[in-house]
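Undergrad: Mind having a look at this structure? Questions to follow.
The values are calculated or read from the model by the stated rules, or taken from the named source; none is laboratory data. Everything quoted here is computed from the prediction, not taken from an experiment. A quick note on method: Cβ atoms are made from the backbone with ideal geometry, for glycine too, and the neighbour counts reach across all protein chains shown. Note: areas computed on protein heavy atoms with side chains; ligands, DNA, RNA excluded. Shrake-Rupley method; radii C 1.70, N 1.55, O 1.52, S 1.80 Å.
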Amino acid sequence: MAQYDYDLFVIGAGSGGVRASRISARHGARVAICEDFRVGGTCVIRGCVPKKLLTYAAHFHEDFEDAAGFGWTIGETAHDWKALISNKNTEIDRLNAIYIRLLKDAGVELIEGRGSLVDDHTVKVGDATYTAGTILIATGGWPEMPDIPGIEHALTSNEALELDSLPRRVVIVGGGFIAVEFAGIFNGLGSDVTLAIRRDLPLRGFDEDIRAGLAEELTKKGITIAPNTTITSIEKTADGFSLMTDSEEIIECDAVMYATGRMPNTKGLGLEEVGVHVNKKGAIAVDEYSRTTVENIYAVGDVTDRIALTPVALAEGHAFADTVFGKKPRAVDHSNVASAVFSHPPISSVGLTEAQAREQYEAVDTYVSRFKPMKHTLSGRDERSLMKLVVDRATDRVVGCHMLGADAPEIVQGLAIALKAGATKADFDATIGIHPTAAEEFVTMREKQPDPTTPGSIEPAE
Ligand code: NDP
């Protein structure tokens, strides 16, 4: 008789957990997975997928306007928020059912409920306990909000995806991925949006040119960016909310949404009791094989402090399964992971920002192209795309690739392969473009930007 109920018990059926359990089962392991909400996790249920559907919805607003320049007459348009949310929910239900079926087809047992560790081989779900040779924690993350008076009135992205109606005036606090994405969603659907950020520009960590370019485009679309602003309190009023800023200004709105980061879901898992170490942020500490400080307990995805992106969690879950049950130990390479922000217009990046490259390399060349996309020559829209390459001068390798503009995520995905393969600027130059596209700019940029580290190469400001 087997020593344990299962070879693998997975806590959390999001992207990382589901991938790990399916692949482990394929390698012959007897697997169970528990989930306390809905199979699919953040990405499918209340993250990437519903967000992108709402992003599409928001973009129609501009598409209708742009159509006029191409000869179309569009009658009066109106948006039905309830219909959008209902259709989005139907799609999420469909995906949720597919995920459940995938687990079933793989022979993975799905247990409903919240799991916690009893000891290093035992998990408790409700009143039942289960034993397993290996335990994988894949519990993801959860929105984090600062503790200010009135914070209970604030929405997070979870509730924003389920609102009964579109708020007329919405304040979004934070300048990260979620904040700028929802700013575009609400703005496109007709809300009056204020983005309150505690820095001068949104998206800290992204290339400075992209950050500045995005701020400009958001402003052109009518989003009010309140820079260097921290909200100190939220008060409910007769017809909405009144927000106080740290410079004692008052912002009135109908909804306030916080997108101030996400924290790993580690509370109540019983980690400390069994010796699984967590770092200062509460994230599970793991080695390159996703192994925690307890030999048979592993963790993947947002619950670890690596890169909080779905494809990274999938890769970590797959590598874990191959390592532990597939006799093919392998670690995930976390370098040159491309990411996208589905703002309006979207952003996508892979590799180093110019600032990071200048810290890492002795000499860096940059190439920047800023242009009006062809579509807007007829639409008349005042929107500019921006593309940037960052090159290590010594080796000629392209070490960073950044884009702000329509289709940026679709374009940069391909370029991520080039960076991963170590392509040089000469390789980019030797590549013949596809015409007429925006993407061809990436292989036709010849003019280096003036080197800010060389005295005299930049004209002094007047
Ligand atoms: P981010 O970490 O991207 O951004 C958090 C933002 O909130 C930052 O601008 C930060 O400012 C600000 N902030 C933090 N604390 C406070 C505070 N107390 N008061 C005011 N502002 C504050 O988090 P998100 O919540 O947007 O997203 C979480 C993660 O989820 C992302 O990092 C990303 O990995 C992932 N994600 C990916 C998406 C994609 O792939 N398209 C989409 C959505 C999420 P500062 O910069 O000053 O610290």
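Undergrad: What are the pairs, 6+ residues apart or on separate chains, where a residue within segment 138-158 that is within 30 Å of ALA319 (Cβ to Cβ) has its Cβ under 7 Å from a residue that is assigned to a loop (DSSP other than H, G, I, E, B) and within 8 Å of the ligand (Cβ to nearest atom)?
TA: As it stands, the answer is GLY141/ALA308; GLU144/THR260; GLU144/GLY261; SER157/ALA259, since those pairs meet every condition given.
Undergrad: Residue by residue through segment 101-156, note down the ones that are hydroxyl-bearing (Ser, Thr, Tyr), open to solvent by 20 Å² or more (accessible area, probe 1.4 Å) and closer than 17 Å to VAL300 by Cβ.
TA: Within segment 101-156, just THR139 meets the criteria.
For (1) open to solvent by less than 50 Å² (accessible area, probe 1.4 Å); (2) in a loop (DSSP other than H, G, I, E, B), each residue gets a yes or a no:
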| site | (1), (2) |
| --- | --- |
| HIS402 | yes, no |
| GLN413 | no, no |
| ALA416 | yes, no |
| HIS435 | no, yes |
| PHE442 | yes, no |
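Undergrad: If you take the residues of segment 253-274 that are more than 27 Å from the chain's Cα centre (by Cα) and surrounded by 14 or more Cβ atoms within 10 Å (Cβ to Cβ), which of them is farthest from ILE231 (Cα to Cα)? I'd like the intermediate steps shown before the answer.
TA: Kept after step one, since they are more than 27 Å from the chain's Cα centre (by Cα), are these residues of segment 253-274: 270, 272-274.
In the following step, the residues that additionally are surrounded by 14 or more Cβ atoms within 10 Å (Cβ to Cβ) were identified as 270, 274.
Numbers: GLY270: 34, VAL274: 39 Å.
Once the filter is applied, the top-ranked residue is VAL274.
Undergrad: Select, from GLY16, GLY28, the only residue that is farther than 17 Å from ASP93 by Cβ and either within 16 Å of the ligand (Cβ to nearest atom) or in contact with a Pro (Cβ under 6 Å, 6 or more places away or on another chain) (or both). Talk me through it step by step, then tell me what you get.
TA: Details: GLY28 fails: either within 16 Å of the ligand (Cβ to nearest atom) or in contact with a Pro (Cβ under 6 Å, 6 or more places away or on another chain) (or both).
After applying the criteria, what remains is GLY16.
Undergrad: Can you tell me which residue in segment 157-193 is nearest to the ligand (Cβ to nearest atom), limited to those that are surrounded by fewer than 21 Cβ atoms within 10 Å (Cβ to Cβ) and part of a helix (DSSP H, G or I)?
TA: Restricting to residues being surrounded by fewer than 21 Cβ atoms within 10 Å (Cβ to Cβ) and part of a helix (DSSP H, G or I), the top hit is ASN158.
Undergrad: Take the residues of segment 202-212 that are buried (at least 18 other Cβ atoms within 10 Å of the Cβ) and assigned to a loop (DSSP other than H, G, I, E, B): which is farthest from the ligand (Cβ to nearest atom)?
TA: The selected residue is ASP207.
Undergrad: Another one. Go through segment 213-235 and give me each residue that's outside any strand (DSSP E or B) and open to solvent by 10 Å² or more (accessible area, probe 1.4 Å). Even if it seems obvious, please write down each step before you answer.
TA: Step one: filter segment 213-235 for residues outside any strand (DSSP E or B), giving 213-223, 227-230.
Across segment 213-235, the qualifying residues are ALA215, GLU216, THR219, LYS220, LYS221, GLY222, PRO227, ASN228, THR229, THR230.
Undergrad: Is it the case, given these coordinates, that ALA128 is without any contact (Cβ under 8 Å) to a residue 40 or more places away in the chain, of a type outside the set (Asp, Glu) and on the phi < 0 side of the Ramachandran plot? Steps first, answer last, please.
TA: Numbers: without any contact (Cβ under 8 Å) to a residue 40 or more places away in the chain: yes; of a type outside the set (Asp, Glu): yes; on the phi < 0 side of the Ramachandran plot: yes.
Spelling it out, ALA128 is indeed without any contact (Cβ under 8 Å) to a residue 40 or more places away in the chain, of a type outside the set (Asp, Glu) and on the phi < 0 side of the Ramachandran plot.
Undergrad: Test each condition in (1) closer than 17 Å to GLY268 by Cα; (2) within 16 Å of the ligand (Cβ to nearest atom) for ALA154 and report the one that comes out false.
TA: The number of the failed condition is (1).
Undergrad: I'm checking my understanding of the structure. Among residues of segment 277-319 that are small (Gly, Ala, Ser) and within 16 Å of the ligand (Cβ to nearest atom), which one is modelled with the lowest pLDDT?
TA: Let us first name the residues in segment 277-319 that are small (Gly, Ala, Ser), namely 282-283, 285, 290, 299, 301, 308, 313, 315, 317, 319.
From the residues that got through so far, the ones that are within 16 Å of the ligand (Cβ to nearest atom) too are 282-283, 301, 308, 313, 315.
Details: GLY282: 91, ALA283: 97, GLY301: 98, ALA308: 97, ALA313: 98, ALA315: 98.
My answer is GLY282.
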